[in-house]
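A.B. asks: Starting off with a structure, shown below.
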Amino acid sequence: MRRMTLRVGPLAVAVGLFVAGLCGAAPAPTPPEIAKLKPLCLETDVVKDGKPAAAIVVPGAGQYDDLAAGIAEAVKKATGAALPIVKDDSPRAALPLRGNLIALGNRSTNALIGRL
């Protein structure tokens with residue numbers, strides 16, 4: 001009986017695994033269809049009648065806390081109103097939204113943005 005040895009390099013194995021993955025891969029999810037766009041809010045109140053009309057939402061990890069403090073300080077200096085700073089897991093940042101929010105971060109860092 002003759003013995004045969006097949007030598008396969010790492011590239012051939014990687015290509016084989018990739019092709020095998022393509023054959024059994026699930027179809028890509030399709031995004032939902034948007035029938036009607038929401039109206040754009042080109043002007044959003046942050047302060048109204050000298051009182052805060054928005055809150056700043058930061059991720060719980062704290063990486064945007066200094067930035068939020070700087071924004072709140074600038075708004076207070078310009079208007080006299082102190083915007084509240086809340087974490088992304090606070091009731092103020094829960095859906096459905098109940099007011100204007102300034103969300104810092106991205107969908108990977110801020111849970112509010114991820115939920116939107």
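Bear in mind these aren't lab numbers, they're just calculated from the coordinates by the rules spelled out. Source: prediction; values computed, not measured. Methodologically, a virtual Cβ is constructed for each residue, glycine included, from the backbone with ideal geometry; neighbour enumeration extends over all protein chains shown.
A.B. asks: Which aspartates and glutamates, on any chain, are close to Lys48 with Cα under 17 Å apart, when same-chain ones fewer than 8 places away are left out?
C.D. replies: List returned: Glu73.
A.B. asks: While we're on this one: Please list, by residue number, everything in the stretch 84-116 whose backbone N is under 14 Å from a paramagnetic label point 7 Å out along Cα→Cβ of Asp65.
C.D. replies: 85-88
A.B. asks: Give the shape of the stretch 47-115 as rounded, prolate or oblate, defined through the alpha-carbon gyration tensor: a ≥ b ≥ c are the square roots of its eigenvalues, a/c under 1.5 means rounded, and otherwise the shape is prolate if a/b is larger than b/c and oblate if not.
C.D. replies: Cα axes put the stretch 47-115 in the oblate bin.
A.B. asks: Ordered by residue, what ³J(HN,Hα) values in Hz, to whole numbers, does the stretch 27-43 give under the Karplus form 6.51 cos²θ - 1.76 cosθ + 1.60, where θ = phi - 60° and Gly and Pro are x?
C.D. replies: x, 5, x, 9, x, x, 7, 9, 7, 9, 7, 6, x, 6, 10, 6, 10
A.B. asks: Rounded to whole Hz and in sequence order, give me ³J(HN,Hα) for the stretch 56-66 from the Karplus expression 6.51 cos²θ - 1.76 cosθ + 1.60, θ = phi - 60°, writing x for Gly and Pro.
C.D. replies: 9, 10, 10, x, x, 6, x, 5, 10, 4, 5
A.B. asks: Do you know the relative contact order of the stretch 47-115, to the nearest whole percent, from alpha carbon pairs under 8 angstrom that are 6+ apart? Could you put the intermediate results ahead of the total?
C.D. replies: On the way: 110 pairs, mean separation 27.1, N = 69.
Averaging sequence separation for qualifying contacts and normalising by length gives 39 percent for the stretch 47-115.
A.B. asks: If you don't mind, another one. For Lys87, list long-range residues whose amide hydrogen, built 1.01 Å from N in the peptide plane, is under 5 Å from its own amide hydrogen.
C.D. replies: When sequence neighbours closer than 5 places are left aside, the close amide H contacts are Val58.
A.B. asks: Mind checking which lysines have their C-alpha under 23 Å from Lys51, skipping anything on the same chain fewer than 8 residues away?
C.D. replies: Partners found: Lys76, Lys77, Lys87.
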